[in-house]
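Have a look at the structure below, then the notes.
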There are 2 protein chains.
Amino acid sequence: MILEVATLDVRAGLGPSFERDFATASALIRSIPGYLSHELQRCIETEGRYLLLVRWETVSAHTEGFRKSAQYAQWKGLLHPYYNPFPVVEHYRRVPEGPA
Amino acid sequence: MILEVATLDVRAGLGPSFERDFATASALIRSIPGYLSHELQRCIETEGRYLLLVRWETVSAHTEGFRKSAQYAQWKGLLHPYYNPFPVVEHYRRVPEGPA
């Protein structure tokens, strides 16, 4: 399982509108094969900052499956205009810590 | 529920040692009242980068309860020497997206 991580800085004053459009856009990402779950988190300290966490079966489910889909064109149209600067997206794999 | 988020950049070559010390240190954070769960994630694209996600009942369980504890002094001794630069820590609250 892979974790996609993106810190999203939304243009001043557009947070509520971004959150509404994100709720619409989330149906697009949910429909992609290899999508497992996501959460959108709002920063407490920094106004307009969000963290998007998406769990995928593989990196390519995101980078190929989603980014080359028709759904991504819609996602981009709905959400990309909110971002400033444009976010850096990285992928992570959980570090096993052995028996708790 | 609150999500603590920290991107951890570990000094070159020290990743395996950091992961071993983190596994030891995780018992310290687990023992704090208001701690719910954590995950340490290793970045796929950037060598030496980790993401620490900790779920707490409240912000103050982290900023007061943990940071003012004896356990934090040990945590700091084990882990802080690995970081360069010293990480920025932020707290997030999940954005409700309505019925899926």
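Just so it is clear, none of the values below were taken in a lab; they were calculated from the coordinates. Keep in mind that this is a model prediction, so the values were computed, not measured. When we count neighbours, we look across all protein chains shown, and the Cβ atoms used for this are built from the backbone with ideal geometry, even at glycine.
The number of residues in the stretch A:63-81 that are within 11 Å of chain B (Cβ to nearest Cβ) and in contact (Cβ under 8 Å) with a residue 40 or more places away in the chain comes to 0.
Table: residues versus (1) surrounded by 14 or more Cβ atoms within 10 Å (Cβ to Cβ); (2) of a type in the set (Val, Ile, Thr).
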residue: B:SER26; (1), (2): yes, no
residue: B:PRO33; (1), (2): no, no
residue: B:VAL89; (1), (2): yes, yes
residue: B:ARG94; (1), (2): yes, no
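Residue by residue through the stretch A:66-100, note down the ones that are farther than 13 Å from A:THR7 by Cβ and among the polar types (S, T, N, Q). Once the filter is applied, which keeps residues that are farther than 13 Å from A:THR7 by Cβ and among the polar types (S, T, N, Q), the stretch A:66-100 yields A:SER69, A:GLN71, A:GLN74. If you take the residues in the stretch B:35-45 that are facing another protein chain (nearest Cβ under 7 Å) and in contact (Cβ under 8 Å) with a residue 12 or more places away in the chain, which one is surrounded by the fewest Cβ atoms within 10 Å (Cβ to Cβ)? Step by step, filter the stretch B:35-45, then rank; the result is B:GLU39. For the stretch B:51-70, the condition of being surrounded by fewer than 17 Cβ atoms within 10 Å (Cβ to Cβ), closer than 19 Å to A:VAL88 by Cβ, out of contact with any Cys (no Cβ under 8 Å at 6 or more places or on another chain) and not aromatic (Phe, Trp, Tyr) holds for none of the residues. So A:GLY48 fits all but one of (1) surrounded by 14 or more Cβ atoms within 10 Å (Cβ to Cβ); (2) of a type in the set (Gly, Ala, Ser); (3) within 11 Å of another protein chain (Cβ to nearest Cβ); what number is the exception? Checking A:GLY48 against (1) surrounded by 14 or more Cβ atoms within 10 Å (Cβ to Cβ); (2) of a type in the set (Gly, Ala, Ser); (3) within 11 Å of another protein chain (Cβ to nearest Cβ), the one that fails is (3). Only residues that are without any contact (Cβ under 8 Å) to a residue 24 or more places away in the chain and more than 7 Å from chain A (Cβ to nearest Cβ) were counted in the stretch B:82-100, giving 4.
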